[in-house]
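Working notes, structure below.
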Amino acid sequence: MAKNYLIPFANGKDANIASEAEWESAEMASTVSKGFQSGIARSDRVNRAIAQGASAGFSIGQLVADYASQDAGIDAQALYDGFKKALEKVARLSVVDVIYPVGSIYCSTSSVNPNQLFGVGVWERVGAGRCLIDAGDGFAPGSWGGADTCQLTANELPAHSHYGSTNWTGNHAHTRGSMNITGEIGCDDRAGSLATGAFWTTSHSRSNTSADGGDGAPWYKFNFSADRSWTGQTSWSGDHAHEVYIGNTGGGNPFSVRNPYVAVYMWKRVS
């Protein structure tokens, strides 16, 4: 540790030293201006003259020891050099205290601790990957928050629709069941053997007479057209269900919400 060898003179409580009022009096004006002349000077006044220089020397020496980190002695050049260094550091510290008081944030692309740069304060890193946001409106000073990524919930998804398709099912056929279509029309009995499928023949209540050119036998054969009026129904069949498949998409992975950035080292002055 640097030491100040410039010791104060006549600074004790009961020191024999002329007062401030006496030293500034009209009686002392000539002595203060020209120094002691011939004759015998009072010791308290001599002590006063020596003490002033010694006190100034002590103050400068202490600045040199404290801020230039070098011993302070009677070597005038060394004292001057040390005093200059001390003033530079004091000035720098004063500026830092003004610009970066406790609680301030210092940013730099250099990783050097600000204490090494400025020689003052205790600094701690804000934390890698963090950015700054203005405090207030729910953001307490010094509070931490935010995240690098976000994973949406269902309520946060935008309104949208999905395309869906069903599986193939329900292939079936209908039988006649209880449906019945009826109707009859007379025909020549000679055509009765022509009835096939859903058609058949029976004797009609009327006969073909000789007046009609017939032989008096009952009429046969009937014709059927489905576009004529008829009633009936098919059997109940075909009740079935479908499975609906809607394909899913997306992996549910978090996505980045980080703004474009320039990475710097951030330090907070804590004391």
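Observations on the model:
- Checking residue 71 against (1) closer than 27 Å to residue 260 by Cα; (2) charged (D, E, K, R); (3) touching a residue at least 40 places away in the same chain (Cβ under 8 Å), the condition it does not meet: (1)
- Counting the residues of region 114-158 that are surrounded by 10 or more Cβ atoms within 10 Å (Cβ to Cβ) and either polar (S, T, N, Q) or under 30 Å from residue 92 (Cβ atoms) (or both) gives 17.
Let's see how each residue does on (1) under 26 Å from residue 263 (Cα atoms); (2) modelled with pLDDT of 90 or more; (3) of a type in the set (S, T, N, Q):
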| position | (1), (2), (3) |
| --- | --- |
| 55 | no, yes, yes |
| 59 | no, yes, yes |
| 79 | no, yes, no |
| 88 | no, no, no |
| 93 | no, no, no |
| 108 | yes, yes, yes |
| 118 | yes, no, no |
| 126 | yes, no, no |
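- Meets criteria (touching a Lys or Arg at 6+ places or on another chain (Cβ under 9 Å), surrounded by fewer than 18 Cβ atoms within 10 Å (Cβ to Cβ) and within 30 Å of residue 120 (Cα to Cα)) for residue 69: yes
- Within region 122-137, residues that are within 15 Å of residue 112 (Cα to Cα) reach partners that are of a type in the set (A, V, I, L, M, F, W, C) and in a loop (DSSP other than H, G, I, E, B) with beta carbons closer than 6 Å, at six or more positions or on different chains, in the pairs 122/270; 124/270.
- Filtering region 40-52 for residues that are out of contact with any strand residue (DSSP E or B) (no Cβ under 7 Å at 6 or more places or on another chain), outside any helix (DSSP H, G or I) and surrounded by 12 or more Cβ atoms within 10 Å (Cβ to Cβ) leaves a non-empty set.
Quick grid of which residues meet (1) within 30 Å of residue 149 (Cα to Cα); (2) charged (D, E, K, R); (3) part of a helix (DSSP H, G or I):
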position	(1), (2), (3)
57	no, no, yes
65	no, no, yes
98	no, no, yes
107	yes, no, no
111	yes, no, no
121	no, no, no
124	yes, yes, no
128	yes, no, no
131	yes, no, no
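Every residue, every condition in (1) within 44 Å of the chain's Cα centre (by Cα); (2) surrounded by 15 or more Cβ atoms within 10 Å (Cβ to Cβ); (3) among the basic types (Lys, Arg), yes or no:
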position: 81; (1), (2), (3): no, no, no
position: 94; (1), (2), (3): yes, no, no
position: 100; (1), (2), (3): yes, yes, no
position: 103; (1), (2), (3): yes, no, no
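- Cβ-Cβ distances below 7 Å connect the following pairs, each with a first residue in region 251-271 that is over 19 Å from residue 146 (Cβ atoms), a second residue that is assigned to a loop (DSSP other than H, G, I, E, B) and of a type in the set (A, V, I, L, M, F, W, C), and a separation of six or more residues or different chains: 267/126; 269/102; 270/102; 270/122; 271/102; 271/122.
The values are calculated or read from the model by the stated rules, or taken from the named source; none is laboratory data. Because the structure is a prediction, the values reported are computed rather than measured. Quick reminder, even Gly has a Cβ in these numbers, built from the backbone with ideal geometry, and neighbours come from all protein chains shown.
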